[in-house]
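Coordinate-derived values only; no laboratory data. Just so we're clear, the structure is a prediction, and the values are computed from it rather than from any experiment. Every residue, glycine as well, gets a Cβ built from its backbone with ideal geometry; the counts of neighbours run over all protein chains shown.
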Amino acid sequence: MKNILAIAVATLAVVACATKQEPQTQAQQLEQRLVALQAKGYMAGHQDDPFYGVTWAGTYSGDSAELGRSDVLETVGDYPALMGFDLGGIEMGDAKNLDSVPFTRIHDELIAHHQRGGVVTLSWHPRNPLTGDTAWDVSDSTVVKSILPGGSQHEKFKTWMVRVATFLKSLKTDDGTPVPVIFRPWHENNGSWFWWGQNICTTEEYHGLWNMLQDYLTGEGLDNLLWSYSPNLDGNWTQERFMERYPGNDRVTLIGEDAYQWGSEADFVKQLTADLDFLGKFAKDNGKLLALTECGLKNMPDSTWWTRVLKPVMDKYPISYFLLWRNYKEEYFGPSPALPCGADYKKLYEAPNTLFLKEIKDK
Ligand code: BMA
């Protein structure tokens, strides 16, 4: 009897200990939050949401009349659950990013969205460190090699990483708590339009690039980053091809892809379905979160695309979110009350499984 009692007490102590254990980092807490939210549906996201919109340009300065504006808010009466921002230009020490948004505003809006209960994600379109041109300069296939240890641009790239780290370290609430961020560098790497793309660097170089940045930022104490790996819509994933450049289970928490419809609707649906079949299974087998890390139909020539084409595919998979790319006059992917697609976006908003800020802020 005594023995049984002792075993019972010991078991209870172990269970209590296990259930009491709090997640260690902001990133781990965010991961838990995303896992819990996934049971309710998927979050609606929008890139650069608070800076400018389809009909309101020139808001980059943050004049008081513009603060708080958002095309999503003005279309449905709520902010997106997720906001995305881009660090392109931070590496140069620029005051504004590649889309002319001051980093001070990115800093403030990112923290503001976190404080109102939203989730935030950061991408990075750094300049080509070898040529000095944009992220899209793929003219020289020695660029990744040149920034790895021993390469001609390594010292320079180290200063770029310092600038990224400095910005990321500044993302804190007033009481000094770091803001958790879904961080997804080196994206769309199965395409060859960025200098870190498929045909511009070898598999080994890509891994070197990923690990160099991740190890540096982690070494700097940035444990608020939830690392996301997001190649581009592919249509032909095989385990072997995906694994080739996948950074590894110990390096990635969320997998997803950037999926735009550039061609026919039928092709898009077919490719996205095939990819999410593959990625969904991979995520499940490996305990990873799944998302559409970017998506959209440029300038919405089909005003019912979200509910008719995108949503039925998304509904079949346990994605955490979909991030529509940015809205500006020449190129928009999100809604606006001024556009026919605004009505369709409202339907998306009303669906029970799409999550906007009010539905996630206390969860
Ligand atoms: C691309 C386009 C560009 C933009 C870049 C980074 O998809 O929207 O105009 O500069 O993203 O935001």
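Observations, loosely collected:
- Spin-label model, Y260/Q115: points 7 Å from Cα along the beta carbon direction are separated by 3.4 nm.
- The chymotrypsin sites (Phe, Trp or Tyr not before Pro) of segment 46-128 include none that meets both criteria, a DSSP state outside H, G, I, E and B (loop) and at most 11 other C-beta atoms within 10 angstrom of the site's C-beta.
- Count Lys and Arg as plus one, Asp and Glu as minus one, and take only other residues whose Cβ is under 10 Å from that of P80; the net charge is then -3.
- Candidates per trypsin sites (Lys or Arg not before Pro) in segment 159-198, loop by DSSP, up to 14 other Cβ within 10 Å: none
- Database remark: amide H of N232 closer than 5 angstrom to the amide H of E188, N189, N190, G191, D258 (H placed geometrically; neighbours at sequence offset of 5 or more, or on other chains; Pro and chain starts carry no H).
- Projected onto planes of every orientation and averaged, the convex hull of the alpha-carbon atoms in the chain covers 21.1 nm².
- Pairwise Cα distances in segment 266-363 exceed 24 Å in 25 percent of cases.
- For segment 209-277, diffusion coefficient by Stokes-Einstein and Kirkwood Rh (Cα), 10 °C, 1.306 mPa s, µm²/s: 116
- For the chain, the longest site-free run once GluC sites (Glu not before Pro) in DSSP loop states with at most 15 other Cβ atoms within 10 Å are removed: 1-219
- The alpha carbon gyration tensor of segment 143-245 gives principal lengths a ≥ b ≥ c with a/c of 1.5 or higher and a/b no greater than b/c, which makes the shape oblate.
- Set against the 2.2 N^0.38 Å expectation for a compact globular protein, segment 315-363 has a Cα radius of gyration ratio of 1.30.
- Average Cα contact separation per residue, the chain, under 8 Å, 6 or more apart, as relative contact order %: 23
- Local electrostatic count at E265 - Lys and Arg +1, Asp and Glu -1, tallied over other residues with Cβ under 14 Å: +2
- Kirkwood hydrodynamic radius (C-alpha pairs) into Stokes-Einstein, segment 61-181, 25 °C and 0.890 mPa s, D in µm²/s: 153
- Segment 254-326: chymotrypsin sites (Phe, Trp or Tyr not before Pro) in DSSP coil with no more than 11 other Cβ atoms inside 10 Å: W262
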